[in-house]
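Since the structure comes first, as structure tokens, the remarks are kept for the end.
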Amino acid sequence: MTYGHRHTGRRRARAAVAVGLLVFLSAACTGGPGGTVPSGQGGQAAEGPIIVASGLDVTGSGSVRQQLIEEWNRRHAGSKAEQAKLVELPGAADQQRSQLLGALQSGSARYDVVNLDITWIPEFAEAGLISPLPVAETGVAAEDERDFIRRVHATTVWKGRSYARPFNTDVGLLYYRPDLLTAADITVDKQPHDDWTWDQLYSSVKTLGLNPVSADERAGWTTQLAPYEGLTVNTVEAFADAGVELTDSEGKYRSSAGKLKDGLDKLLDRVGQGQVQPAATSSHETESLTDFAEGRAVFLRHWPYAYGALAGLMGRAEQYAVNRLPGKAVLGGQNLAVTSVTADSPRAANARALITFLTSRESERCLLDAGFAATRASVYESTAKPCWPRVAAALRPAGDVPRAAATGEGAPERQTPEARAAYIRILGEALTEAVQRPRTPYYGAFTQVLQTHVHALLGRTRPDTAEAAEQLDKDLRNVFAGR
């Protein structure tokens with residue numbers, strides 16, 4: 001969910017790719033990252049293992065992705081060509097993007113399947129680094145495709161072709177502290193519900209009498225406003241609530257300075273009227289989660305994996321609850337794609353079969369149980385297929401951490417089955433209405449421009465949003481035109 005920096009449009013994006021090339025060319029001399037083997041003959045060999053490149057598992061659940069790979073390997077134990085290996089790339093998402101671009105463009109590491117952030121699909125597709133999937137017109141294959149949540153599946157599409165299958169998804173959620181609200185006599189009927197609004201959140205914050213001026217004081221809410229992808233996500237959510245549409249489905253710019261001002265004003269309202277935690281402007285996912293768990297914020301905008309992580313951080317299940325985010329929520333997540341080199345080789349059939357297994361109904365249930373958001377609609381139903389038994393047995397409960405060992409206290413209290421079922425319903429509903437970030441091959445440049453402009457505004461006492469919107473409009477026109 002993060003990226004890098006830009007000075008003038010694509011120049012820094014190209015610099016990031018160059019850094020990635022240097023990293024992978026160096027790694028190739030020692031066999032590639034994670035023990036992968038250089039491609040040699042362009043990845044044409046049919047032998048195994050099938051190499052899957054992915055970012056790190058953030059759920060803390062015992063690496064569900066690795067467990068799913070191991071389940072696949074057990075089911076194909078008699079075939080060396082069908083064995084698979086997971087390579088987890090280090091660093092934040094912007095670093096992973098640069099590494100993958102460098103590796104696929106240079107051939108310095110042989111990857112058959114790549115687990116791409118949903119915002120990277122247009123860029124990798126446009127560059128010819130991943131291959132479009134065969135079209136399933138009718139029958140079982142087409143029916144299986146329709147089980148993916150529509151808005152989630154749309155993240156795999158670029159210029160009318162699907163280039164991947166949704167693996168795990170993400171969506172913004174609102175976490176809150178019922179204990180702190182009740183202590184302030186905010187009754188149950190005034191606490192977050194399905195159609196709660198930002199104005200109601202502001203009203204609750206006013207009732208709580210919160211006005212933090214330092215990071216150690218309790219705030220109304222917290223989120224991720226450091227200059228990285230978290231800031232982009234929060235900004236796009238505010239823009240969407242203000243009716244700002246940045247691009248069409250093919251990456252053409254659609255906004256204006258006037259509309260951008262509305263979006264910037266909406267974001268600044270959330271910061272000011274919501275009495276955001278002062279530390280939020282330097283917070284990533286971990287810091288904002290900790291501030292909420294330790295009582296320095298009553299509300300928290302975060303991702304689904306926080307639901308399980310909070311059990312380990314807080315210890316008592318009744319101290320936190322979750323609901324849909326007021327207003328619009330942005331989609332996140334990763335999609336599995338076959339690299340173009342492998343798509344033209346005898347390895348293609350095995351690579352696609354592995355992706356089909358990893359995105360099956362059973363595998364998606366494993367992902368949900370581990371703390372990720374599943375991509376299939378059927379997984380959120382009461383009749384959903386269970387997780388593969390051996391994978392389920394290997395996983396810790398979602399978000400489990402060795403709290404008892406660290407603090408000497410007892411094991412954290414889990415949410416009740418009823419609370420867990422309500423959470424799954426809320427998550428499924430949020431995914432059906434979530435919005436996408438701009439679909440563009442120039443996403444890396446876009447997110448850097450947006451972060452730079454918005455973070456500068458957050459540091460000003462009385463920012464001129466009209467002036468800021470004018471400059472942002474000019475820069476975004478250049479970015480989305482590839483200049």
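The values are calculated or read from the model by the stated rules, or taken from the named source; none is laboratory data. None of the values given here were measured: they were computed from a predicted structure. All Cβ positions, glycine included, derive from the backbone under ideal geometry; neighbour counts span all protein chains shown.
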Looking at F357 and the list (1) surrounded by 22 or more Cβ atoms within 10 Å (Cβ to Cβ); (2) outside any strand (DSSP E or B), which single condition is not satisfied?
(1)
Could you tell me whether any residue of the stretch 252-268 is touching a residue at least 60 places away in the same chain (Cβ under 8 Å), more than 22 Å from A456 (Cβ to Cβ) and in contact with a Phe, Trp or Tyr (Cβ under 8 Å, 6 or more places away or on another chain)?
yes
Here the residues within the stretch 158-191 that are touching a residue at least 40 places away in the same chain (Cβ under 8 Å), closer than 30 Å to S249 by Cβ and not basic (K, R) are W158, Y163, A164, P166, F167, N168, T169, D170, V171, G172, L173, L174
Among S108, S79, S39, which is small (G, A, S) and either touching an Asp or Glu at 6+ places or on another chain (Cβ under 8 Å) or at pLDDT below 50 (or both)?
S39
Do any helices (runs of 4 or more DSSP H) entirely within the stretch 380-483 hold 3 or more residues that are modelled with pLDDT under 95 and closer than 22 Å to A154 by Cβ, and if so, which?
none
Looking only at the stretch 244-261, which residues are modelled with pLDDT of 95 or more, of a type outside the set (S, T, Y) and surrounded by 20 or more Cβ atoms within 10 Å (Cβ to Cβ)?
V244, L246, L260, K261
Please specify each residue of the stretch 262-309 satisfying the condition of being under 26 Å from A183 (Cα atoms) and among the hydroxyl-bearing types (S, T, Y).
S288, T290, Y307
Per the filter on the stretch 450-468, residues in contact (Cβ under 8 Å) with a residue 40 or more places away in the chain and surrounded by fewer than 22 Cβ atoms within 10 Å (Cβ to Cβ) are T452, H455, L457, L458, G459, P463, T465, A466, A468
Residue check, A93 touching a helix residue (DSSP H, G or I) at 6+ places or on another chain (Cβ under 7 Å), modelled with pLDDT under 95 and surrounded by 15 or more Cβ atoms within 10 Å (Cβ to Cβ)
yes
Residue count, the stretch 364-379, condition part of a loop (DSSP other than H, G, I, E, B) and at negative phi, comes to 3
Look through Y176, Y202 and report the one residue that is buried (at least 22 other Cβ atoms within 10 Å of the Cβ), over 20 Å from A93 (Cα atoms) and not hydrophobic (A, V, I, L, M, F, W, C).
Y176
Could you check the stretch 287-348 for strands (runs of 3 or more DSSP E) lying wholly inside it with 1 or more residues that are in contact (Cβ under 8 Å) with a residue 60 or more places away in the chain and assigned by TED's automatic domain parsing to the domain that holds V52?
331-338
